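As C-alpha cells, the structure follows; a few thoughts come after it.
The values are calculated or read from the model by the stated rules, or taken from the named source; none is laboratory data. Being a predicted model, the structure only gives us computed values, none of them experimental. With ideal geometry, Cβ positions are generated from the backbone for all residues, glycine too; neighbour counts draw on all protein chains shown.
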Amino acid sequence: MPSTRPRTVSAAVATVAALTFVATFLAIGSDIAVAQSGVGDLRSSLGISPEYGRWILGNVVGNVILGGLLLVFGPDYADRKVAQFRTDPRQSTIWGVLVSVGVPVTLFALVFSLVGIILALPGVFVFAGVFLVASAVTVVLAGSVVGDAPAASGRSVLIGSLVVGLLSSIPLVGGLLGWVVTLPGLGMVGHDLYQWVRD
C-alpha cells in the first residue's frame with residue numbers, strides 16, 4: 001500500500017499557504033485607505049463595517065484551520081466522506097437533519113433528571129466533537145464539489161473555506177445557510193459514530 005505521508009505533508013503545506021493568503025488578503029483589503037482626499041476607507045466604500053469584516057475573516061480562517069487539520073490527520077477519511085456524499089447525498093443530508101435536531105433535543109430532555117444530567121454532560125462534549133469533525137468535512141466537501149478539486153488537497157480547503165465562510169456570514173440568513181451546508185458532513189460523521197457504537 002503506498003504511503004500517504006507525502007500527500008499529507010504537501011496538503012499541510014498547501015493549507016498553511018492558503019491560510020496565509022486568505023488572512024493577508026482580507027486583512028489588507030479591510031485596512032487599505034485610498035490616498036486621494038475625499039475618498040473613504042475601502043470598507044466604507046463597500047458598506048462593510050470593521051466588525052463585520054473581522055467576523056467574515058474569522059469564519060474563513062476558522063474553516064481553513066479545521067479543513068487543514070483534517071488533511072493532516074485524516075486525508076483518507078476526507079476522501080472517503082467526499083466519495084460517500086457523491087454516491088448518496090440524500091442519505092447523508094437526512095442523517096444530518098436527524099443528528100442536528102434529534103441529538104440536541106435528546107440532550108435537552110435529559111437535563112430534567114439527575115441521572116439525565118450525568119448522561120447529558122458527556123453527550124454535549126461528544127456532540128461538540130462530532131460537530132467540529134463534521135465542520136472540517138463540510139469544508140473539504142464544499143471545496144471538492146464547488147471547485148471540482150481533489151478532496152485531500154489545499155485547493156479544496158481554500159475553496160471550501162471561502163464558500164462556507166461567506167455563506168454563513170450573510171446577514172439574516174447566514175445561520176440557516178451554514179446549517180444547511182453542514183448537514184451532509186454532520187450526517188456522515190454522526191452515522192460513523194453510530195455505527196462504531198453499535199458495532
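Of the residues examined, Ala83 is one that is surrounded by fewer than 19 Cβ atoms within 10 Å (Cβ to Cβ), at pLDDT below 95 and not in a loop (DSSP other than H, G, I, E, B). Exactly one residue out of Arg54, Arg80 is among the basic types (Lys, Arg), free of Cβ contacts under 8 Å to residues at least 12 places away in the same chain and more than 19 Å from Trp179 (Cα to Cα): that is Arg80.
Could you please let me know if Val139 is under 10 Å from the mean Cα position of the chain (by Cα) and crowded, with 24+ Cβ neighbours inside 10 Å? The answer is yes for Val139.
No other residue among Pro75, Pro89 is surrounded by fewer than 16 Cβ atoms within 10 Å (Cβ to Cβ) and not aliphatic (A, V, I, L, M) apart from Pro89.
Working only within segment 142-152, note down all residues that are assigned to a helix (DSSP H, G or I) and surrounded by fewer than 24 Cβ atoms within 10 Å (Cβ to Cβ).
Of everything in segment 142-152, those that are assigned to a helix (DSSP H, G or I) and surrounded by fewer than 24 Cβ atoms within 10 Å (Cβ to Cβ) turn out to be Val145, Val146, Gly147.
For Gly102, the conditions (1) loosely packed, with under 15 Cβ neighbours inside 10 Å; (2) of a type outside the set (A, V, I, L, M, F, W, C); (3) under 23 Å from Gly68 (Cβ atoms) are fulfilled apart from (3). Within segment 153-165, at least one residue is over 14 Å from the mean Cα position of the chain (by Cα), touching a residue at least 12 places away in the same chain (Cβ under 8 Å) and part of a loop (DSSP other than H, G, I, E, B). Just to be sure, is Ile65 over 30 Å from Gly154 (Cα atoms) and either among the charged types (D, E, K, R) or not in a loop (DSSP other than H, G, I, E, B) (or both)? So Ile65 does not fit the description; no. Among the candidates Gly178, Gly187, Gly96, the residue that is part of a helix (DSSP H, G or I), within 25 Å of Arg54 (Cβ to Cβ) and among the small types (Gly, Ala, Ser) is uniquely Gly178. In segment 108-129, the residue that is modelled with the lowest pLDDT out of those that are surrounded by 10 or more Cβ atoms within 10 Å (Cβ to Cβ) and outside any helix (DSSP H, G or I) is Ser113.
Of the residues in segment 42-60, at least one is of a type in the set (A, V, I, L, M), at pLDDT below 90 and either in contact with a Cys (Cβ under 7 Å, 6 or more places away or on another chain) or over 20 Å from Val163 (Cβ atoms) (or both). In segment 166-199, the qualifying residues are those that are polar (S, T, N, Q) and within 14 Å of the chain's Cα centre (by Cα), and the one that is modelled with the lowest pLDDT is Ser169.
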